[in-house]
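This report concerns only the one structure given below.
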Amino acid sequence: AQSVTQLDSQVPVFEEAPVELRCNYSSSVSVYLFWYVQYPNQGLQLLLKYLSGSTLVESINGFEAEFNKSQTSFHLRKPSVHISDTAEYFCAVKPDTGRRALTFGSGTRLQVQP
Amino acid sequence: NAGVTQTPKFRVLKTGQSMTLLCAQDMNHEYMYWYRQDPGMGLRLIHYSVGEGTTAKGEVPDGYNVSRLKKQNFLLGLESAAPSQTSVYFCASRLGLVTTSSTDTQYFGPGTRLTVL
């Protein structure tokens with residue numbers, strides 16, 4: 001079985017400041033890793049994912065995440081946030097083979113203040 | 001191409017009533033999932049299906065039933081609603097083929113907000 005821990009339930013940050021949202025996972029098998037974003041009153045949208053290859057993955061809107069196998073982490077970072085980044089962010093994992101669904105963390109609410 | 005759609009968007013039920021949530025996808029995906037989202041708990045898997053005519057239990061299946069009679073539709077039923085089932089329900093689908101890792105992405109619907117009084 002897999003589990004995901006997002007230690008920070010809320011992260012307040014000022015506009016244009018850097019931010020890091022932490023994600024740690026546990027799994028007995030190799031996994032794929034995902035970050036999803038949920039804007040207010042909307043469904044989840046895929047932000048970025050790590051499947052294989054380079055451990056640093058980037059999204060089109062400036063977020064990046066680095067897969068660290070030894071620390072079982074997949075932290076999400078952005079060097080300069082905007083008001084429009086205010087949302088809830090979910091880290092998720094899935095075994096890299098088989099039919100399993102995603103296992104989600106409890107989410108981190110990013111609140112960008114002017 | 002509408003992606004994943006869910007109906008209804010909102011619903012209020014009284015304890016003991018029944019209802020069915022419909023999920024539809026037009027991407028020819030094999031795999032479909034039902035999750036519930038509760039504050040501070042992320043998304044938890046209720047049931048899933050790996051193809052037409054097949055269903056399986058997820059993490060929190062009690063009180064729910066599902067059916068996948070057509071590949072594009074995945075129905076979630078509540079036979080006797082309870083206040084504990086007040087939640088936001090999300091459907092998701094995935095291509096399901098294992099030929100390439102790039103197909104391993106779940107696409108989510110907009111959600112159904114259910115309140116059980």
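The values are calculated or read from the model by the stated rules, or taken from the named source; none is laboratory data. Every value quoted in this text rests on a predicted model; they were computed, and no experiment measured them. Glycine gets a Cβ as well: all are built from the backbone with ideal geometry, and neighbour counts include every protein chain shown. Note: accessible area is taken over every heavy atom of the protein model, side chains too, but ligands, DNA and RNA are not part of it. Shrake-Rupley method; radii C 1.70, N 1.55, O 1.52, S 1.80 Å.
Show me you know the interface measure: the accessible area buried between A and B, both chains summed, probe 1.4 Å, in Å² to the nearest 100. The buried area between A and B, both sides summed, comes to about 1600 Å². With q set to 0.08, 0.14 Å⁻¹, the log10 of I(q)/I(0) for the protein assembly as shown, from the Debye formula over equal scatterers at the Cα positions, is -0.29, -0.89.
For the pair segment B:1-73 / segment A:65-114, the C-alpha centres are spaced 23 Å from each other. Legend: P(r) of segment B:49-95 from all alpha carbon pair distances, 5 Å bins from 0, whole percents, reading 5, 17, 30, 25, 14, 7, 1.
Simple rule: put +1 on each Lys or Arg Cβ and -1 on each Asp or Glu Cβ in the protein assembly as shown, find the dipole, and look at A:V57, A:W35, B:L75; the Cα lying farthest toward the positive end is B:L75. Here the scattering of chain A is modelled by Debye summation over its C-alpha atoms, one equal scatterer each and no solvent; at q = 0.22 Å⁻¹ the log10 of I(q)/I(0) is -1.25. Heavy-atom surface analysis with a 1.4 Å probe gives the protein assembly as shown a carbon and sulfur content of 51 percent of its accessible area.
Can you tell me which of B:54-60, A:70-76, B:73-79 comes out highest on packing, and rank the rest after it, using the mean Cβ neighbours within 10 Å?
Numbers: B:54-60: 15.3, A:70-76: 16.9, B:73-79: 19.1.
Ranking, from highest mean packing down: B:73-79, A:70-76, B:54-60.
Under Stokes-Einstein, with the Kirkwood radius over Cα pairs standing in for Rh, what whole-number D in µm²/s applies to segment B:20-76 at 20 °C and 1.002 mPa s?
Roughly 186 µm²/s, to the nearest whole number.
Rolling a 1.4 angstrom probe over the protein heavy atoms with all chains in place gives the protein assembly as shown an accessible area of 48 Å² per residue. With a 10 Å cut-off around each Cβ of B:106-115, the average count of Cβ atoms from other chains is 3. The alpha carbons of chain B occupy a box of 45, 31, 26 Å along the principal axes, longest dimension given first. When all alpha carbon pairs of segment A:1-50 are counted in 10 Å bins from zero, the resulting P(r) reads 18, 46, 30, 6 %. Suppose R0 equals 30 Å. What FRET efficiency, 1/(1 + (r/R0)^6) with r the Cβ-Cβ distance, do B:L117 and B:K71 give to the nearest 0.05? It comes out at approximately 0.30. For the peptides B:25-35, A:8-18, the ranking by packing is B:25-35, A:8-18, with the highest mean count of neighbouring Cβ atoms within 10 Å listed first. Dividing the mean sequence gap of close Cα pairs (under 8 Å, 6+ apart) by how many residues chain A holds gives a relative contact order of 38 percent. For the pair A:L7 and B:V50, a Förster radius of 41 Å applied to the C-beta separation gives a FRET efficiency near 0.80, rounded to the nearest 0.05. Over 30 Å apart at the Cα level, from the set A:K49/B:K71; A:K49/B:K57; A:K78/B:K71; A:K94/B:K71; A:K78/B:K9; A:K94/B:K9, are A:K78/B:K71; A:K78/B:K9.
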